[in-house]
Structure formats: C-alpha cells, structure tokens
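The values are calculated or read from the model by the stated rules, or taken from the named source; none is laboratory data. Keep in mind that this is a model prediction, so the values were computed, not measured. Reconstructed Cβ throughout: ideal geometry from the backbone, glycine too, with neighbour counts over all protein chains shown. These accessible areas exclude ligands, DNA and RNA; they are computed on the full protein's heavy atoms, side chains included. Shrake-Rupley method; radii C 1.70, N 1.55, O 1.52, S 1.80 Å.
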Amino acid sequence: PRAGGTPAHIGGTTLFGDNVEDEWFIVYLVREITRQFPGLAARIDDNDGEFLLIEAADFLPKWLNPENSENRVFFYKGELHIIPLSETPERECDLSAPCPTISEALTLLSTRSEEFLAAEPLRAAVYKRIDGYPEKIQASLHRSHCFLPAGIAAVLRRRPSLVAAAVQAFYLRHPGDLRACRRPFRVFPADQRVMTVVTFTRCLYAQLVQQKFVPDRRSGYTLPLSSHPQYKAYELGMKLAHGFEILCSKSSKVSPDSKRNVLSGPLWERFLRSLKEKDYFKGEMEGSAKYSELLHMAEDYFQQSVTTPESSVEVSPGDEILALLQTTPVDVKEFEREAACLPPEDDDSWLDLTPDALDQMLKEARSESLASSNEEEQKYDLEAVAESMKAFVSKVSTHEGAEMPWSSDESHVTFDVDSFTKALDRILGADSEELDSDDLDEEEEFGFSDEDDEDLGAEKQRQDQKVSPDELLGSLKSYMSEMDRELAQTNVGKSFTTQNHGASSVKAAASEAAGPGSGAEDTELAPVDVDMNLVANLLESYSAQAGLAGPTSTILQSMGVYLPENTDHSREGSSTGRAL
C-alpha cells in the first residue's frame, strides 16, 4: 500500500545466495515485465546497492556516484533509464544535490522518458549479462539421479522448487541442525528409498556434490563403496534427505514448543537482523540479563504479529513439506517401475575448469577480441599508441587517480602562493625561521665562523648579478649540446633511434673509422625520434611480460589499446616491433 511519498507498488525480496546468475535472471524478468506492461517502471538493487551501475562502471557519467544514485536508475518500457542531476525538479546541478523521491522520478519518466534513456555503452554492458534468456534458463539446470526416500520424491514431483531450500539447509547447516540426524529419521526414514531424477540449478548441484559429508550410523543412511556405479546417486540422495529432515525438524507441526518453531524461520531471522541493525539491543552483550529481556520482548511481539492473517503469508519450507506429505499419495511401486527406465543424467564435466576454459573466461571478462591476431586481419595504429601515452603523461593526477586521455576534464591547476605560505606558518609556527639553541650548537660543532659568513656573502653578491634571459638560454643550450655530443658516442646514445636513422648510422660509422680525434664529432646530431623510441620500448616491455599481467598491458588497456600476441618467436627484443 501507499506509504508516505512512495505510491502503491508491487515489491519483493529474493535471497539468491551464492548463485549470482539467479540475480541476473530476476533482472531479465523485471525488464520483460516493463516491456510487456509499458505503464510500469521498476527499480532493482541488492546488498551492494545499485549493482546495475556496478556492472557498467566503465561507462558511467562522471557525476554519478553511490551517494546520488538512489531513485535514478529504472527499467521503463523494457529499457534502462537514468535520471540526471540537472533534471531533478528544483535542484541545482551539483554532485551534492539530494536524490529525487520516487514520485518525482516517476513523474519525469512518464513525461520525458526518451530524454533519460541510458547511453548505449552503458545499456550494452548491462544487457550483456542477461543476453541469451530465456534460452539460458535450461542451460543453467542440471538433472541427476538420486537415491531418495519415496516421500521426498513425491514432494519434489509436486513442488520441484523445494530442492533449493533442502540444499541450502544441508549446505549451511550448523551443529544444532544435525541433532535431528543423529537418530533414525522421523519424517524420511532410509528404508523406503527409490531411484529418481532430480532437477537442480548448476549452483545447487555444485554445492551439494562438492561438500564432503559422512552420515551418522544411527541415521540409517549408509553409502556403498566409492567404486559402486551408483555411488554418486546414493551420496546425493543421502545429502538431500538430510536437508529435508533438517527443514522438517524446524517445523512447528513437529516440535512441541510452537513458540520456538515460530522463531526458527527465515522471517524471524530477518526480523532479528533488522533489530540488531537498528541497535535495538543498545550494545548489550548477547546472553546478558538485559539482552535476554529485550530478546523475550521481541519474541513475544513477533509471535503475536505472525499469527495475524496479514503476516502469515510466508510459510516455512518445513511446514510446506509436511503439508504436502499429508495430501500427496506415495506410491513406492510406481516409483520403482519408473526407476527401471529413467532418462540419462546430465554430464557434470562443467564442474572441472580447464586452463584453456579459464583463459577464455578471462578474455571474455576483459572484452578482448577472440579473432586471430594475424597482422593482415588486425591493424594497429602505433602512432595512436604514442599519442595516447603522451596524452596520459601530460595529465595531472589527483587523489581520485590519473585521468585517462579521453577524459573531458580540462580544468587548469591553480596554486595560491599566499595561502600555501600561511598554511605553512600555521603548521610550523611564526618563529620557525629563528634558530634555537640546538641549531647554534650544531653551528659550533661544524666550525662555522664569521669568516665563512663573509665568504658566503661575497658569493651571494656574485650570484645576485643579473643575467639576461638570452644569455641564460644560450648557456643552457650549449651545455645541452655538449652533453648530447658526449652521450652520442656512448652505448646510451647509440641505443636511441633518431629521426634520420639511416644517415645517422652512416655518420656514426664514419666517426668511429676516423677516430675520436677527427672532426666527425662536430657534425650536426640527428634529433631523437621520441615516438619511435616510446613505441619500441613499450613493445619490448610488453613482449617481456610473456603473456602475463604487467605495467605495459595495464596502462595500454586502460587507454583502450590492446596489443596482439608476439607471433615472431625466432627473434627477441625489438623483433616485436618489426612483427607488428
């Protein structure tokens, strides 16, 4: 019903557990609902918040952050919409602007939805996760043979979804749950078991088959030797039977203490968790007298609440199982006849992940192209690599990280000298320049004298003589020229590629033949080809990574540049550049 500013609506919560694919299946369902019913708008989030935005984090607008994203992301008419800051009614377009209310967001969507359609790359990133539905539903299921009590087989035939509750009860069991399994089972004894086919999701099947468990001998469940052809069916059936027995042991129809059983379902667990989050227990230690008093008050209130018709919608799985057993006939003979002609179970080789399959998954996660890296098929603009790197280096980094070359943030950096000086004075104190006694002692220790001060004063006067900018620039150029000439004859100088590489090589050879005393060293030096050296060094570093993660691939991939594998295995070093 309507509550405050939130209009009447349909809502729900799903505990998807470890199976994230279930969460994206729900996203698919919500999107299809808004497509079939164009008047509906839907929003969806999880314990991480707006997980749709997390999935498309690489394509989000810069203004969007977790603080201002609430009530901005909707599915409407089958498409993803994002309400921008500037369109929030009577709000200024700034990052600190409050989030719109549900009513405000719905009004905007109903009148101008075409303006709020999310950008194509952002929508593509989200839709990629739900691509393939509804066909993908069948691919996520796994059918396996299980040797089960006939009662469980009959219940699963009526309600196949109860397998999820049973697997979770077994997978997340604690020592207290197993008390009901340390004696002969009361609800599902082991003497009437049949072979049947059970349909799991792949996640549920993996949880059940991968967990090692040895049943108590008193339970009546025994396993054949591991070499037995149907060992897996016996093991899966035993684990499922334990899960169903644990669920039934928590049912109010079995336990004499009805209050305790009301307080053992998922509804009570969520209620208790909510109380703790709201600091209902005021920091009291669990088990203390005050904590127990507050807990009993909460239990009494909860028990009275769940007995009302409005709150009794949620039925515990144990109660549902027992109700089904009372209304479902169990024909053991019929199950035995069906067991003689069961369909084959699905192959579970998908549980084993090969190195090649892992590499394939990593490539898909990085959105890399899986096509051949043949140089005729792929064209790489090495000039673009050099320009991207220079643009990246020219950017100024902040506390939020370095801006990528494609960023539109061109704001200038300002530096207020007066404010900086005042801040230093506040930190260091007004008398920070005065010498204390320790400084005077150090002066005496190192033998400073007045004569030294006079020499320093004369030197300072000579340095204070004004030099014209042209003279200073010419002197600097001469220093740099002399340094270039010295380095040109060393291995460091020869390691760089010059712009006129062929001519410089001939001159270098002539210079070496003439000897160091000749005038060859006076010839004009060819300038270094900065772009060529940059690309060559990047390729050499990338080749040295040998296909592993490294700084070069990380930087280039962040700029949208993906290099192919080095196919020239017969050469080393710069051969990578020649292969490209």
If each K or R counts +1 and each D or E counts -1, the residues other than Phe213 whose Cβ falls under 11 Å of its Cβ total +1
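Report, in debye and to the nearest 20, how large the dipole of the range 262-306 comes out about its Cα centre when Lys and Arg carry +1 and Asp and Glu carry -1 on their Cβ. The partial results should precede the final answer.
Working: 6 positive and 8 negative charges, 28 e Å.
Taking the Cα centre of the range 262-306 as origin, the dipole is about 140 debye.
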Ignoring ligands and nucleic acids, Glu50 exposes an accessible area, probe 1.4 Å, in Å² to the nearest 10, of 20
Probe 1.4 Å, all chains present, heavy atoms only: Tyr231 accessible area in Å², nearest 10, is 60
For the table Lys128/Lys239; Lys136/Lys363; Lys62/Lys276; Lys250/Lys290, the rows whose alpha-carbon distance is greater than 25 Å are Lys128/Lys239; Lys62/Lys276; Lys250/Lys290
From highest to lowest solvent-accessible area (probe 1.4 Å; ligands, DNA and RNA excluded), Arg337, Arg193 read Arg337, Arg193
Probe 1.4 Å, all chains present, heavy atoms only: Val530 accessible area in Å², nearest 10, is 100
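Please work out the FRET efficiency for the pair Leu476 and Asn533, using the Cβ-Cβ distance as r and a Förster radius of 30 Å; give the result to the nearest 0.05. Don't skip to the answer; put the middle values down first.
Values: r = 23 Å, r/R0 = 0.77.
For R0 = 30 Å, the calculated efficiency reads 0.85.
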Residue span Lys278 to Arg179: 0.36 nm per residue of separation minus Cα-Cα distance leaves a gain in nm of 32.4 nm
Asp347 and Lys128 label points (each 7 Å along its Cα→Cβ direction) are spaced in nm at 2.8
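Using only the heavy atoms of the protein chains and a 1.4 Å probe, how would His145, His228 rank by accessible area, largest first?
Working: His145 40, His228 70 Å².
Largest to smallest exposure gives the sequence His228, His145.
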The range 8-38 and the range 533-557 have their Cα centres apart by a whole-number Å value of 43
